[in-house]
Amino acid sequence: MSHIAYVNGRYLPQADAYVHIEDRGYQFADGVYEVMCIWNGLPVDLTGHIARLNRSLRELSMASPASDGALTFIMKEVVRRNHVEKGTVYIQVNRGVAPRAHAFPSKNVKPSLVITAKHGAGPSESVAEAGVKVVTTPDIRWKRVDIKTVGLLPNAMAKQVAAEARAFEALLHVDGTVTEASSSNAWMVTPDKTIVTHPSTNAILSGITRATVIRIAKEAGYKVQERAFTVAEALKAKEVFLTGTTTFVMPVVQIDEKTVANGSPGTVALDLRQRYRAFMDGLTDTAWNA
């Protein structure tokens with residue numbers, strides 16, 4: 001069965017879905033995107049993802065291609081047509097088609113909208129139960145990574161470093177201070193069980209899963225501190241873990257060639273993962289209400 005994509009007003013077999021060669025997303029990475037988890041046919045944190053998409057559009061002075069309600073309707077239809085029960089839906093908005101010039105085109109250029117969906121949501125539970133390895137690499141991204149743009153080449157380069165090291169992720173740092181990972185947010189747990197993650201600044205993409213995990217952790221009685229931490233601190237931490245749309249909560253047991261704590265997934269990370277899974281399992285049809 002062909003995957004069905006939505007491209008600028010049309011639902012098409014993905015093999016027949018194209019954008020114009022002068023689309024600015026293609027020529028300048030002048031576009032933004034969101035990836036949302038679909039769990040039991042329902043969107044996880046839809047409101048947060050749409051809010052972040054709208055923020056990214058505003059930060060780039062880019063027009064929205066549709067109202068929140070219309071965008072939600074299209075996403076739901078793409079999920080339905082692809083029969084996705086557990087997977088992801090991908091939304092990309094580019095500034096649109098215009099003759100190639102660096103300056104933004106006039107405001108009457110219509111934004112491009114592409115929405116796709118695929119099956120499969122994250123690694124298996126056995127991966128989380130074993131924990132994962134990460135490698136460290138310098139953060140060479142631009143200074144506005146809080147905007148979720150499609151300019152992801154530095155992220156892809158970091159992920160390749162991880163792949164070549166047979167690691168799950170690349171932990172990014174600036175002069176030894178951890179920002180985040182190539183496609184997830186980074187956390188550590190101090191010896192007194194304080195959960196620490198980088199604050200929401202221009203230096204990180206403030207994850208939607210990150211925000212939900214902070215809420216869940218506080219509701220569970222954990223102390224959460226939003227501050228920067230170093231690779232050296234992470235190596236001495238009681239636990240290290242990652243969060244992301246399809247990562248959920250993922251324990252880290254090795255950084256480069258050094259084990260974290262005793263080399264086993266920590267109790268805090270495993271507890272938060274279980275609580276996050278319970279949150280997803282508890283979604284109802286109201287999850288589609290943006």
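The values are calculated or read from the model by the stated rules, or taken from the named source; none is laboratory data. Not measured: the values here are computed from a predicted model. Don't worry about glycine lacking a Cβ; one is built from the backbone with ideal geometry, like all the others, and counts go over all protein chains shown.
Observations
- The single condition among (1) without any contact (Cβ under 8 Å) to a residue 60 or more places away in the chain; (2) in contact with a Lys or Arg (Cβ under 8 Å, 6 or more places away or on another chain); (3) among the aromatic types (Phe, Trp, Tyr) that Phe168 does not satisfy is (1).
- Annotation for the stretch 49-71: no member residue is without any contact (Cβ under 8 Å) to a residue 12 or more places away in the chain, farther than 22 Å from Leu205 by Cα, outside any loop (DSSP other than H, G, I, E, B) and among the basic types (Lys, Arg).
- Residues of the stretch 65-120 that turn out to be of a type in the set (Lys, Arg), in contact with a Lys or Arg (Cβ under 8 Å, 6 or more places away or on another chain) and closer than 19 Å to Trp39 by Cβ, as a count: 0
- Every listed requirement among (1) on the phi > 0 side of the Ramachandran plot; (2) in contact with a helix residue (DSSP H, G or I) (Cβ under 6 Å, 6 or more places away or on another chain) is met by Gly120 save one, (2).
- Test: Ala287 is at pLDDT 95 or above and under 20 Å from the mean Cα position of the chain (by Cα): yes
- His49 being in contact with a strand residue (DSSP E or B) (Cβ under 9 Å, 6 or more places away or on another chain) and buried (at least 21 other Cβ atoms within 10 Å of the Cβ): yes
- Residue within the stretch 90-100 that is part of a loop (DSSP other than H, G, I, E, B), on the phi > 0 side of the Ramachandran plot, out of contact with any Gly (no Cβ under 7 Å at 6 or more places or on another chain) and touching a residue at least 40 places away in the same chain (Cβ under 8 Å) present: yes
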